[in-house]
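J.: Below you will find the structure I want to go over with you.
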Amino acid sequence: MQHFSVFLLYITMHITHVKLAKSLHFFSCWYSRNFAGMWNSRALLRLLSLLHYLLLFHSVLPLFSAQGSNTTPWNTLSGSPPLVIARGGFSGIYPDSSDLAYSLAAQTSLANVILWCDVQLTKDREGICIPNIKLENATDIGHISEFKSKTYSVNGVQTSGYFSVDYTLKELLSNVILIQGDYTRTNRFDGSGFPILTVNELVRRETPNPPGLWLNIQHDVFYAQHNLSMKNFVLSVSRTVNVSYISSPEAGFLRNLRELVKPSKTKLVFRFLEKDKVDPSTNQTYGSLLKNLTSIKTFASGILVPKEYIWPVDPTSLYLLPHTSLVSDAHKLGLELFASDFMNDISISYNYSYDPVAEYLNFIDNGNFSIDGVLSDFPLTSSEAIDCFAHIGLNAPKQVNTLIISKYGASGDYPPCTDLAYGKAISDGVDVLDCPVQMSKDGIPFCLSSIDLIESTDVAQSSFSRLGKTIPEIKSGNGIFTFDLAWNDIKSLSPLMLNPHPINNLYRNPEYNKKGQFLTLSDFLNLTKAHTSTLSVVIIIENAAYLARKQNLSVTDAVIDTLSRAGYDKPGAPKVMIQSTNSSVLLKFKEKAKYELVYKIDEIVGGAVDSAISDIRRFAHSVVVKKASVYPVSELFVIGSTKIVSKFKSSNLSVYVETFSNEFVSQAWDFLSDAYVEINTFVQDAEIDGVITDFPKTANSYRRNKCLNLGDNTPAYMEPVAVGGLLQAMDKSFLPPAMAPAPPLTEHEVTEPPLPPPSKIAPSSPISGTQAGAQPPHNAQAKVTVCFFLSTLTVLVASLLF
């Protein structure tokens, strides 16, 4: 038996597959221990039979391993993750095709990012990267007197402009610079003097590790009319530069190039334009060419299509229509499929809730198909979508414990403070559901985003429109206030979507206007209690002093009573937070119950003096601040950071920040029109404790993404942005206006007079003749003046209580 064990060990040493070797070694030891002395022919036969089985298993194991290595969550043609193609670099921020745009794309994207260059040819046959055949659409050439506009036929259309065919490379480099050609994007980098880049210069600047290169040849026919050969240029540049992809919307150009490039080195991609446009090399519309992908396969290995070819969008409702079969059709023929027109700073289908990551995922991680690459102006966002957010769900483990607090429920998707908004917030994974409590005329507390019904209901179009009045103590301008209508009247009104960015023509889903029901505070508490014991609530109370003094309504007593009736003051009940800008409201709750008390600072402040923080600690456990109090901005550029978060946290006050929205115009340019970049910077750099958001799903997806907690292996697209980094790339004359630092919060702005008891005076009638434009008080402006004796008495009582 000892000899046979040696024999098995010998075989083990000569088997390369580690698992099988370990199995044989284990078996030899086991047999020696258990069958020593039982050596016979039958045992040997069985042992050899087992050995034969193991060796057979070893011989076929590589086949299974090979099959296993091909299993992938990606439904791309190759099974690899989709590619990110950076159109003109990071052209969503910097001028398209500028060196800084390419550099930022290479630094903040996937390691295998492909840099896209729209090639134009100069008079002396040099290839330059400019996104449009009309140079004035991306450079300042139209403002230079020595250059003259001309008119040429471009694809059969007489077109006036400045064309590269009229100038040598030296002429362009000596006088012309790249500027932002998209007027919806910032022009503050136009003075930075970005030179036009040749293809070779682009690659040289990215040395020693140049990313892949994609050359797009848009107008071969036009350049041929001017005795310039795109084919010769491409073949020439390919001798010195590794070109990964060449695309063109002209089938004739790709056919001529097919036999001249190595498919293993350079792939040819046919680019589809709008379906009614005509390919000048075939005189066929792209719609007709789309019907014959088999012919495309004869000269190209892939196709590039506008994203609407795959997921059409209804032009009226802006809802997605059913996806087409284009991806599967292309893959069946062995064609890769790439999609274009991905941008963070445009309106997208309402299905995506203004979240570009959600849009990417619908193209790459929908359970049915995945495109093979995306052409994006914001390659960081597409990179994080692929690497961090694909193939995870809302139930994936949290990577950070940042608290998610709703803003009127999921009010980015549904009318605020309705059953629909609250239900969506709960399903989206919110931690704390908010109810801004308002009071009806008959004393019913209910949830509504504003005391002014005009802001979120159709009251102005109802018979109650006659109740309009101006109350400067509450708000400037006219309003129709909740305390002038009974609850039955209020619940008969229709909810309206909030639209915080109408000036930018960005509107939230109008499909849900007048949908949903308003909830009393009691209904709200029952809703939240029924879902999960981990769901907390925050009750927001404002205008308490006015309601008590002028309307004989005690909102604090109503909230305390409703919470008690719902059992929220008993052990084991869900967590309750009480939030207010009025310290006296929080002091009253401190006397009555053990809730988390949250003080909201409703002004932008640059910090807080020590005495103010000490005062806040008397009545609050946490604070709410605005985003600009953490990262001050000037014309949507971050100009610095404050120490307000660390200062509050060092005093054991948690810090929650508002408001995080998906719409790109709600974010500073520094956050790259990406809600996840913004949240990540506040969480990782500022170290806030919670985000207040009208899109809870985005915040919940963020804290579950796969790229957090990776230490030194954290990818660049999940690093916080460098505060004020964009300012460094600007010419001094283009910097946003300098701003004085916001003043710190002081103690006298925190201290409030005690809440008055409810008055016995009948509610006031509509006020007429009140001066419009008066500002209501808030806690970073002077408070209502209190007589010296009352202030002294307040301090004395406070000292006795605390």
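The values are calculated or read from the model by the stated rules, or taken from the named source; none is laboratory data. In this text, all values refer to a predicted model and were calculated from it rather than measured experimentally. Neighbour counts are summed over all protein chains in view; Cβ atoms, including those assigned to glycine, are modelled from backbone coordinates with ideal geometry. Ligands, DNA and RNA are excluded from the accessible area calculation, which covers all protein heavy atoms including side chains. Shrake-Rupley method; radii C 1.70, N 1.55, O 1.52, S 1.80 Å.
J.: Before anything else, pin down the relative contact order of the stretch 392-542: Cα pairs under 8 Å, at least 6 apart, normalised by residue count, whole percent.
T.: Values: 275 pairs, mean separation 43.5, N = 151.
Relative contact order comes out at 29 percent.
J.: Nearest 10 degrees, 0 to 90: what angle lies between the long axis of helix 675-684 and the longest principal axis of the chain (Cα atoms)?
T.: 70
J.: Label-point separation (nm) for Ala460 and Lys575, each offset 7 Å from Cα along Cα-to-Cβ?
T.: So the two model labels end up 3.9 nm from each other.
J.: Given the Cα-Cα distance of Lys291 and Asp276 and 0.36 nm per residue of separation, how much length would full extension add, in nm? All intermediate terms of the calculation are to be shown ahead of the outcome.
T.: Details: separation 15, 0.36 × 15 = 5.40 nm, distance 1.32 nm.
Roughly 4.1 nm would be gained on extension.
J.: Let me ask another. Hey, what's the Kirkwood Rh for the chain if you take every pair of different alpha carbons, in angstrom?
T.: Working: mean 1/r = 0.0324 Å⁻¹.
Roughly 30.9 Å, rounded to one decimal.
J.: Related question: Can you bin the stretch 522-654 into rounded, prolate or oblate? Criterion: square roots of the alpha carbon gyration tensor eigenvalues sorted a ≥ b ≥ c, rounded for a/c under 1.5, prolate for a/b above b/c, oblate for the rest.
T.: Working: a/c = 1.96, a/b = 1.66, b/c = 1.18.
In terms of gyration-tensor shape, prolate.
J.: Full-extension gain between Asn652 and Ala740, please, as 0.36 nm times their residue separation minus the C-alpha to C-alpha distance.
T.: On the way: separation 88, 0.36 × 88 = 31.68 nm, distance 2.89 nm.
That works out to 28.8 nm of additional length.
J.: If you wrap the stretch 67-121's Cα atoms in a convex hull and average its projection over all directions, what's the area in nm²?
T.: Reported value for the Cα convex hull: 5.3 nm².
J.: A further question follows. What distance in nm lies between label points placed 7 Å from Cα along the C-beta direction at Ser80 and Asn478?
T.: Once both label points are built, they end up 6.4 nm from each other.
J.: Cα-Cα pairs above 14 Å in the stretch 139-190: how many percent? Provide the component values of the computation, followed by the final result.
T.: Values: 789 of 1326 pairs.
Counting pairs separated by more than 14 Å, the tail of P(r) holds 60 percent.
J.: Provide the three semi-axes, in whole Å and in decreasing order, of the ellipsoid equivalent to the stretch 330-436 as defined by the square roots of 5 times the Cα gyration tensor eigenvalues.
T.: On the way: eigenvalues 192, 49, 34 Å².
Computed over the stretch 330-436, the values are 31, 16, 13 Å.
J.: Over the Cα atoms of the stretch 485-542, what radius of gyration and what Dmax do you get, in Å?
T.: According to the Cα coordinates of the stretch 485-542, Rg and Dmax are 15.0, 41 Å.
J.: Can you tell me the orientation of helix 555-565 relative to the chain, as the angle in degrees between its alpha-carbon axis and the longest Cα principal axis, to the nearest 10?
T.: 70
J.: Would you kindly give the portion of the calculated P(r) for the stretch 619-672 that falls above 19 Å, as a percent of all Cα pairs?
T.: Values: 473 of 1431 pairs.
Here the tail beyond 19 Å accounts for 33 percent of pairs.
J.: If you take every DSSP beta bridge whose two residues both sit in the stretch 581-707, what share of them, in percent to the nearest 5, is antiparallel? Please list the in-between numbers first.
T.: On the way: 2 of 14 bridges.
Of the beta bridges lying entirely in the stretch 581-707, close to 15 percent run antiparallel.
J.: What does the charge count near Cys435 come to, summing +1 for each Lys or Arg and -1 for each Asp or Glu among other residues with Cβ under 13 Å from its Cβ? It would help to have the intermediate numbers written out before the result.
T.: Details: positive: Lys407, Lys529; negative: Asp419, Asp434, Asp523, Glu542.
Charge balance near Cys435 sits at -2.
J.: Could you rank Arg618, Arg466, Arg188, Arg549 by how accessible they are, 1.4 Å probe, largest area first? Don't jump to the answer; show the numbers that get you there.
T.: Numbers: Arg618 70, Arg466 175, Arg188 45, Arg549 90 Å².
In descending accessible area the options line up as Arg466, Arg549, Arg618, Arg188.
J.: Taking the radius of gyration and the Kirkwood hydrodynamic radius from Cα positions alone, what is the Rg/Rh ratio for the stretch 322-379, to two decimal places? Intermediate values should be presented prior to the final figure.
T.: Values: Rg = 11.9 Å, Rh = 12.2 Å.
Ratio of gyration radius to Kirkwood radius for the stretch 322-379: 0.98.
J.: Taking all protein chains as present, what is the carbon and sulfur share of the accessible area of the chain, in % to the nearest whole number, probe 1.4 Å?
T.: Values: 19110 of 35480 Å².
Using a 1.4 Å probe with all protein chains present, the chain comes out at 54 percent carbon and sulfur.
J.: Please give the contour-minus-distance gain from Gln284 to Val665: 0.36 nm per residue of separation, less the Cα-Cα distance, rounded to one decimal in nm. Intermediate results must be reported in sequence, preceding the final value.
T.: Details: separation 381, 0.36 × 381 = 137.16 nm, distance 4.01 nm.
Extra length available between Gln284 and Val665 comes to 133.1 nm.
J.: Accessible area per residue, 1.4 Å probe, Å², for the chain: what's the number? Display every interim value, and only then the final one.
T.: Details: 35480 Å² over 802 residues.
It amounts to 44 Å² per residue over the chain.
J.: Over the stretch 422-546, how many percent of alpha carbon pairs lie in each 10 Å bin up to the one with the longest distance?
T.: Calculated over all Cα pairs of the stretch 422-546, the distribution is 12, 39, 37, 12, 1 percent.
J.: What is the antiparallel percent of DSSP beta bridges lying wholly in the chain, to the nearest 5?
T.: 30
J.: Still on this structure, I have one more. Kirkwood Rh, the stretch 393-496, all Cα pairs: how many Å?
T.: On the way: mean 1/r = 0.0667 Å⁻¹.
Over the stretch 393-496, the inverse of the mean reciprocal pair distance is 15.0 Å.
J.: Using only the alpha-carbon atoms, how far is helix 99-108 inclined from the longest principal axis of the chain? Give it as 0 to 90 degrees, nearest 10.
T.: For helix 99-108, the angle is close to 80 degrees.
J.: Before anything else, pin down the relative contact order of the chain: Cα pairs under 8 Å, at least 6 apart, normalised by residue count, whole percent. Walk me through the numbers on the way to the answer.
T.: Numbers: 1561 pairs, mean separation 88.2, N = 802.
For the chain, the relative contact order is 11 percent.
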